[in-house]
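Undergrad: I am attaching a structure below and will ask some questions about it afterwards.
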Amino acid sequence: MNSVKLSANYRLYAFSGYQSMKSAMPYMRSVVLAKELAAVQEAEVRRFVGRISGQGYVNYLEPAGYQYALRSYRRSFITALQKLYKSNGYAARYILIERV
């Protein structure tokens, strides 16, 4: 099960089905968000994505430097989902955010 570290405190997991998400939940420390991706509101995600002070939000596809910072937290979250898609090989239908 692949994940993306959104910030120092949060980790994002993607699942292809409800049952796979439900079966992974007991192994998580503290689940703060577990929903179908289509039902996630933008405001719910804002506090979880990584922020580079004075620069913007983390671009998870290019996390190496400040020159890759994004202005929008929405785009930052989308790059995290894209990174998960590349590593998992399937699109996220359900997401889970864990507090580490």
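Undergrad: Percent relative contact order of the chain, based on C-alpha pairs within less than 8 angstrom and at least six residues apart?
TA: 47 percent
Undergrad: Which of R74, R11 has the fewest other C-beta atoms within 10 Å, and how do the rest follow up to the most?
TA: Result, fewest neighbours first: R74, R11.
Undergrad: While we're on this one: Working out 0.36 nm times the residue gap between S72 and K22, then minus their Cα-Cα distance, what length gain in nm do you get to one decimal?
TA: That works out to 15.0 nm of additional length.
Undergrad: Quick one: which residues, 5+ away or cross-chain, put their amide H under 5 Å from the amide H of Y10? H built at 1.01 Å from N.
TA: Hits under the 5 Å cutoff: V100.
Undergrad: For every helix of n ≥ 4 consecutive DSSP H residues, a contribution of -39,500 (n - 2.57) applies; sum these over the chain, divide by its total residues, and give [θ] at 222 nm rounded to the nearest 500 deg cm²/dmol.
TA: For the chain, the value works out to -8000 deg cm²/dmol.
Undergrad: Cross-chain or 8 or more residues apart, Cα under 19 Å: how many lysine pairs in the chain fit that? Count them up, please.
TA: Pairs that pass both the separation and distance tests number 5.
Undergrad: Moving on to the next point. From the residues V4, G54, G17, which one has its Cα farthest along the dipole of the chain in the positive direction, the dipole being from +1 and -1 charges on Cβ of Lys/Arg and Asp/Glu about the Cα centre?
TA: Of the candidates, G54 comes out farthest on the positive side.
Undergrad: Under 10 °C and 1.306 mPa s, how fast does the chain diffuse according to Stokes-Einstein, given a Kirkwood radius computed over C-alpha pairs? Answer in µm²/s, whole number.
TA: 117 µm²/s
Undergrad: Please give, to one decimal in nm, the separation of the simple spin-label points placed at R51 and V31, each 7 Å out from Cα toward the Cβ.
TA: Between R51 and V31, the simple spin-label model gives 2.7 nm.
Undergrad: Note the angle between two axes, namely the Cα long axis of helix 73-88 and the longest principal axis of the Cα atoms of the chain, as a number of degrees from 0 to 90, rounded to the nearest 10.
TA: Tilt of helix 73-88: around 50 degrees.
Undergrad: Then there's this: Summing +1 for each Lys or Arg and -1 for each Asp or Glu, what net charge is found among the other residues whose Cβ lies under 15 Å from the Cβ of Y68?
TA: Local net charge: +3.
Undergrad: While we're on this one: Say each of S7 and K86 gets a label point 7 Å from the Cα, pointing the same way as Cα to Cβ; how far apart are those two points in nm?
TA: About 2.3 nm, to one decimal.
Undergrad: What number comes out for the charge environment of S30, summing +1 per Lys or Arg and -1 per Asp or Glu over other residues with Cβ under 14 Å away? Provide the component values of the computation, followed by the final result.
TA: Values: positive: R11, R29, R99; negative: E98.
Surrounding charge for S30 is +2.
Quick note: the coordinates plus some simple rules give every number you see, no bench work behind them. Here the structure is a predicted model, which means the values were calculated and not measured. For neighbour counting, all protein chains shown are included, and Cβ atoms are generated from backbone atoms with ideal geometry for every residue, glycine included.
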